[in-house]
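> What follows is a structure written as structure tokens; I'll ask about it next.
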Amino acid sequence: MAQYGGYRIEDEPRPGALAKWAVSPFWPLLGLMLGGAWLGLPWFVFNAIAVGSPTRVREWLLAGLCLVGSLLIGLGLLQLVEAGYIQSQAQIQYALLTLVVWKLAIGYLLFMQQNATIEIYQYYGGVLNRFGLPVVLIGAFVLKGMVIKWVPATLWYLVVS
Amino acid sequence: MNTDYLLQLAYQRLQADHYDGAIDALRQLLASDPDSAEAHALLAVCLINLRRVHAARREVQLALLADAQLPLAHYAAAQVAIALRKFKLAQEHLTQLLDMEPLNPVNYRTLADLYQLTGRLEQSREPLEKALELAPDDASNLVAMAQFYRASGQWGQAHQFARQALQAEPGHTGAVVVLGHLLLREGDVEGAREHAIWALQENANDRAALHLLTAVKARSSLFLGTWWRFNSWMSERSASRAIVVLLLMFVVYRVVVITLTAQGYPQVAQVIDWLWLGFAAYTFAAPQIFRHSLEKELAQVKLSREF
């Protein structure tokens with residue numbers, strides 16, 4: 001990667017030894033959509049470290065917020081089910097939509113935040129790894145079932161899926 | 001190296017649209033003189049041109065901190081505010097700028113841009129005329145007038161000003177692009193394409209020329225055309241608004257599917273599911289196809305430059 005030299009501009013990444021594992025943030029986003037939070041969120045966090053994102057702390061906080069928010073929404077939904085407010089299949093699906101929208105919103109925010117850094121990284125000659133697609137496929141179609149069944153609790157399913 | 005020399009070098013490179021070179025010179029300058037307000041402001045202008053808005057905003061803050069009375073810092077601040085769609089803030093900086101530099105046509109053109117972006121097309125006529133009055137032979141002023149008349153639907157006058165701009169500065173990219181758009185409107189797709197290539201030969205990174213070329217490509221394909229219109233519509237919104245729009249579309253889709261299934265129309269819901277899947281696949285594939293065809297066009301431009 002080209003040396004920046006002299007003065008450093010605020011939005012420029014500081015890639016380290018892990019930079020060879022950095023991928024386009026589209027893949028963690030797709031991982032979040034197809035595989036679940038267990039795949040997408042840690043991947044965004046790792047990518048931020050790998051590329052040396054100047055906004056990595058903000059990205060980690062967003063990933064953490066996504067998990068905490070999912071946990072709270074999940075707990076709220078379970079309370080509503082127990083109280084009998086959510087009963088029919090359609091009501092459950094409407095209720096689950098809030099959780100999906102929450103995760104997608106944070107996923108898009110993370111994507112946009114990280115994409116700006118990755119574009120600059122590539123602009124100065126940084127090369128992205130191409131293992132994104134296989135990881136998404138393996139995560140979504142092979143590992144997802146195992147991760148979800150790892151803890152036999154509805155709350156776990158709601159948070160990590 | 002002398003800081004004055006580096007600053008002049010940066011100005012020259014910026015004028016030639018060589019943003020990387022300008023940034024390199026400014027990096028060297030700021031490494032030895034980190035408090036240079038002018039260097040920070042100029043760096044912000046370069047970064048805005050490369051669409052690095054957040055870094056540009058930081059550079060503007062540093063420039064204004066170092067010298068709050070520097071016109072260039074207010075100009076850069078207005079550009080950053082426009083890019084961030086903070087139009088009120090942009091207006092404030094432009095008002096200060098016009099007080100400081102009432103004879104600079106660039107400032108009037110920026111004010112006109114702001115008016116046009118905020119849907120005040122007719123109001124933008126006055127600053128554009130003022131800019132033209134200050135520098136009647138400046139090709140950029142003539143092009144701005146051509147763009148104004150094109151936006152107003154007065155094609156004849158748009159054509160006339162674009163021609164005048166080309167007389168003032170042969171090969172002016174902006175004028176060529178306006179003429180290309182006028183040809184495209186008349187249905188002359190090949191003529192518009194030639195103008196886009198012509199403009200890209202002058203400057204291979206010109207965004208307006210690329211916009212024209214992509215519009216031409218989109219016109220020749222319904223598939224890409226739909227994507228182009230959707231993308232343009234989305235890009236007119238800020239990032240957060242675009243996210244909201246996408247999520248709203250998703251929510252509407254899901255609510256419709258769930259409701260239809262619950263009301264006993266699972267087959268209709270299935271059709272909508274497939275349509276949504278098609279839409280998702282389309283938005284994923286279209287940019288790749290589009291970029292590929294664009295790269296092919298640009299390869300021709302590179303060849304012509306060598307020629």
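> Helix by helix through chain B, keep the DSSP H runs that span 24 Å or more along the axis on Cα and average at least 1.6 on Kyte-Doolittle, and give those back in order.
Qualifying helices: B:239-262.
> Let me ask something else. Measure out, as a whole number of angstrom, how far apart the alpha-carbon centroids of the range A:108-161 and the range B:64-112 sit.
After rounding, the separation between the Cα centres reads 41 Å.
> Right, next: In what sequence, highest mean first, do A:137-149, A:23-35 appear when ranked by Cβ atoms within 10 angstrom?
Highest-to-lowest ranking by the protection proxy: A:23-35, A:137-149.
> Can you bin chain A into rounded, prolate or oblate? Criterion: square roots of the alpha carbon gyration tensor eigenvalues sorted a ≥ b ≥ c, rounded for a/c under 1.5, prolate for a/b above b/c, oblate for the rest.
Prolate shape, in that a/c is at least 1.5 and a/b is the bigger ratio.
> Once the Cα atoms of helix A:37-51 and of chain A are each reduced to a long axis, what angle between those two axes, in degrees from 0 to 90 to the nearest 10, is obtained?
Tilt of helix A:37-51: around 10 degrees.
> Where the centroid of each part is defined by its Cα atoms, how far is the range B:1-34 from the range B:251-273 in Å?
Going from one Cα centre to the other spans 59 Å.
> Based solely on its DSSP helices, what 222 nm [θ] is calculated for chain B when runs of n ≥ 4 H residues each add -39,500 (n - 2.57) and the sum is averaged over all residues, nearest 500 deg cm²/dmol?
Rounded to the nearest 500, the figure is -27000 deg cm²/dmol.
> Here is a further query. Taking the Cα centre of the range B:1-72 as the origin, how large is its charge dipole in debye, to the nearest 20, when only Lys and Arg (+1) and Asp and Glu (-1) carry charge on their Cβ atoms?
Roughly 340 debye for the range B:1-72.
> Under 1.5 on a/c is rounded, so check that first for the range B:139-184, then, if it is not, pick prolate when a/b is larger than b/c and oblate when it is not; a ≥ b ≥ c are the square roots of the alpha carbon gyration tensor eigenvalues.
Note, shape of the range B:139-184 comes out prolate.
> For the pairs A:LYS20/A:LYS149; B:LYS86/B:LYS296; A:LYS20/B:LYS86; B:LYS88/B:LYS130; B:LYS130/B:LYS217, flag any whose C-alpha to C-alpha distance is greater than 28 Å.
Distance filter (> 28 Å) returns A:LYS20/A:LYS149; B:LYS86/B:LYS296; A:LYS20/B:LYS86; B:LYS130/B:LYS217.
> Which whole number gives the average, over all residues in A:103-111, of C-beta atoms from other chains lying within 10 Å of the residue C-beta?
3
> Quick one: plug the Kirkwood hydrodynamic radius of the protein assembly as shown (C-alpha pairs) into Stokes-Einstein at 20 °C, 1.002 mPa s, and report D in µm²/s.
Rounded, D is 85 µm²/s.
> Moving on. Quick one, can you get me the convex hull of the C-alpha atoms of the range B:1-157 expressed as volume per residue in Å³?
Convex hull of Cα atoms, per residue: 113 Å³.
> Residue-wise, which Karplus ³J(HN,Hα) couplings in Hz belong to the range A:82-91, taking 6.51 cos²θ - 1.76 cosθ + 1.60, θ = phi - 60°, and x for glycine or proline?
4, 6, x, 6, 10, 10, 6, 4, 5, 4
> If you don't mind, there's one more thing I want to ask. If we count every other residue with Cβ under 12 angstrom of A:SER24's Cβ, Lys/Arg +1 and Asp/Glu -1, where does the sum land?
0
> Here's a follow-up. For the range B:7-49, what are Rg and Dmax over the alpha carbons, in angstrom?
Over the range B:7-49's Cα set, Rg and Dmax evaluate to 9.0, 26 Å.
> Let me ask you something else. Going by a ≥ b ≥ c, the root eigenvalues of the Cα gyration tensor, does the range B:76-128 fall in the rounded group (a/c under 1.5), the prolate group (a/b larger than b/c) or the oblate group?
Verdict is oblate for the range B:76-128.
> If you average the C-alpha positions of the range B:200-220 and of the range B:127-191 separately, how far apart do those two centres end up, in angstrom?
16
> By per-residue mean of other Cβ atoms within 10 Å, what is the highest-first order of B:258-264, A:60-66, B:104-110?
Per-residue mean Cβ counts within 10 Å order the peptides as B:104-110, A:60-66, B:258-264.
Every read-out reported here was derived from the displayed coordinates using simple, explicitly stated rules and does not represent laboratory data. Small disclaimer: the values here were computed from a predicted structure and weren't measured. We place every Cβ from the backbone using ideal geometry, glycine too, and count neighbours over all the protein chains shown.
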